[in-house]
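**Q** Structure below; questions to follow.
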Amino acid sequence: MKATRLIALVLVLATGACGPGIQAREYSFFAFGTLVRLTLVGVNEERAEHARTWVASRLHHYHNAWHAWEPSPLTRLNAALAKGQAVTPDSVLQPLLKPARRYARLSGGLFNPAIGKLIGLWGFHADQLPAGPPPERAAIAALAGKHPALTDLVWRDGKVSSTNPAVQLDFGAFAKGVAVERIVTGLKARGFDNVLLDAGGDLKVLGTHGNRPWRIGIRDPDGQGVLAAVEARPGEAVFTSGDYERYFEWNGKRYHHLIDPRTGYPARGTHSVTVITQDAALADAAATALFVAGAEGWPQVAAHMGVSLVLLIDDEGVAHMSPAMAQRVKFVVEPAPPVVIEAPES
Ligand code: AMP
Ligand code: MG
């Protein structure tokens, strides 16, 4: 989809009751390759319209600024890095660059926004999903073997260059989280106290839904239905990474978009990971990193990244949870999955 066509689309639903005298207004947009829903509780039509217009323009702005393959400030930076040039990144990239370095370091490199070339090689730098076959083994090994990392970037006098020609920036693993965090924080600053911003199941809330907490469904990675329900507390973000989001099948095997930077191949063993934290950017980065870490590695990476609410469904359908998540989550699928509870550990 062309960036220019990605302006907010339609107001789908006007108002709905969510308690005595309480009105919820819901609006839909299309950005970041997904349907984005904004729900506002307890505001009049005029204020809601202000919020809708502002959210639409912010989504449009971030989508265009941070796009990893349509021409954007990010693709221009990548082109300069590939030529070995030192350039001043467009200021619209600043909200990504600094937190990306921090999350990459805390995740031990499992969240690695420098692997854009690998993601492109697998065919995921396109609106259409790849049809296969998977890339040549040698091409994957050659790229993964160059170990592209954000630590290959050298900063001098506000300019950045790369010492590693294999580095290509792709912030797809947390750009949506950064955008959601900034937009919801902006709504709060504008006096909106009860908000849900849901970007295709990745969301952040403010306040409550009338006289009850926001109730969130976590998608069943084995189908279109809901696996579990959780009540989101004010300010919480809920982000999920799953092998069902973008993938192709080849010879009966699924190749999805969550790449293990250590091998260059889609990470194996995990079906989905849900993280709840106050910061949507961290929730997004951590969900991707913990997906790659898998059932064995997640407790350590979660501890380093400072997340305590984690639900990981492995490819056998077993639910691995932190004790804090076990207290919050209610499975709604029948039968409920087998559960392993494990504490994040440093
Ligand atoms: P998410 O759905 O938040 O997990 O993000 C998935 C997107 O992140 C992919 O489509 C890629 O663009 C990018 N990506 C895939 N694997 C990684 C990784 N290990 N580290 C950082 N970004 C990744
Ligand atoms: Mg993510």
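**Q** For the ranges 119-132, 28-41, what's the packing order if you count other beta-carbon atoms within 10 Å of each residue, average per peptide, and put the highest first? Intermediate values should be presented prior to the final figure.
**A** Details: 119-132: 15.6, 28-41: 20.9.
Going from most to least packed, we get 28-41, 119-132.
**Q** In Å, what is the Rg of the alpha-carbon atoms in the chain, and how long is Dmax?
**A** For the chain, the Cα radius of gyration and maximum Cα-Cα distance read 20.0, 63 Å.
**Q** With r defined as the distance between the Cβ atoms of Ala189 and Gln300 and R0 fixed at 25 Å, what FRET efficiency is calculated, to the nearest 0.05? Don't jump to the answer; show the numbers that get you there.
**A** Details: r = 36 Å, r/R0 = 1.44.
Efficiency, rounded to the nearest 0.05: 0.10.
**Q** Tell me, Tyr103, Tyr255 in order of fewest to most beta-carbon neighbours within 10 Å? Present the calculation step by step, with values, prior to reporting the outcome.
**A** On the way: Tyr103 25, Tyr255 21.
Sorted ascending by nearby Cβ count, the order is Tyr255, Tyr103.
**Q** Then there is this: What ³J(HN,Hα) values, in whole Hz, does the Karplus curve 6.51 cos²θ - 1.76 cosθ + 1.60 give for the stretch 216-227 when θ = phi - 60°, with x put for Gly and Pro?
**A** 10, x, 9, 5, 6, x, 9, x, 8, x, 9, 7
**Q** Considering only Cα-Cα distances, which of the following residue pairs are longer than 25 Å: Lys159/Lys188; Lys98/Lys176; Lys176/Lys253; Lys98/Lys159; Lys83/Lys117; Lys159/Lys204?
**A** Details: Lys159/Lys188 34 Å; Lys98/Lys176 16 Å; Lys176/Lys253 28 Å; Lys98/Lys159 14 Å; Lys83/Lys117 14 Å; Lys159/Lys204 34 Å.
Over 25 Å apart, Cα to Cα: Lys159/Lys188; Lys176/Lys253; Lys159/Lys204.
**Q** Another question about this same structure. First obtain the Kirkwood hydrodynamic radius of the stretch 202-346 from its Cα pairs, then insert it into the Stokes-Einstein equation at 4 °C and 1.567 mPa s, and state the resulting D in µm² per second as a whole number. Don't jump to the answer; show the numbers that get you there.
**A** On the way: Rh = 15.3 Å.
Reported coefficient: 84 µm²/s.
**Q** Please arrange Leu96, Leu312 by how many other C-beta atoms lie within 10 Å of their C-beta, fewest to most. Write out the running numbers ahead of the final one.
**A** Details: Leu96 22, Leu312 29.
Least to most surrounded, the residues fall as Leu96, Leu312.
**Q** Let me ask you something else. Compute, for the stretch 75-182, the length of the dipole vector about the Cα centre, with Cβ point charges of +1 (Lys, Arg) and -1 (Asp, Glu) only. Units Debye, rounded to 20. Provide the component values of the computation, followed by the final result.
**A** Values: 13 positive and 7 negative charges, 59 e Å.
The calculated dipole for the stretch 75-182 is roughly 280 debye.
**Q** Taking a label point 7 Å from the Cα of Val87 along the Cα→Cβ vector, which residues of the stretch 161-194 have an amide N closer than 19 Å to it?
**A** 161-172
**Q** So for the stretch 210-260, Kirkwood radius off the Cα pairs, Stokes-Einstein at 37 °C and 0.692 mPa s: how many µm² s⁻¹?
**A** Translational diffusion coefficient: 247 µm²/s.
**Q** Could you tell me how far the Cα centroid of the stretch 70-84 sits from the Cα centroid of the stretch 27-66, in Å?
**A** 28
**Q** Relative to the Cα centre, what is the charge dipole magnitude of the stretch 200-322, using +1 at the beta carbon of each Lys and Arg, -1 at the beta carbon of each Asp and Glu, and rounding to the nearest 20 debye?
**A** On the way: 10 positive and 15 negative charges, 48 e Å.
That gives the stretch 200-322 a dipole magnitude of about 220 debye.
**Q** Another question, then. Provide Rg and Dmax in Å for the stretch 163-211, with only Cα atoms included in the calculation.
**A** 15.3, 55
**Q** Going toward the positive end of the dipole of the stretch 127-189, with +1 on Lys and Arg Cβ and -1 on Asp and Glu Cβ, which of Asn164, Ile140, Ala179 do you reach last?
**A** Ala179
**Q** Specify the inter-centroid distance of the stretch 278-344 and the stretch 148-211, based on alpha-carbon positions, in whole Å.
**A** 21
Quick note: the coordinates plus some simple rules give every number you see, no bench work behind them. Just so you know, these numbers come straight off a predicted model, no measurement behind them. With ideal geometry, Cβ positions are generated from the backbone for all residues, glycine too; neighbour counts draw on all protein chains shown.
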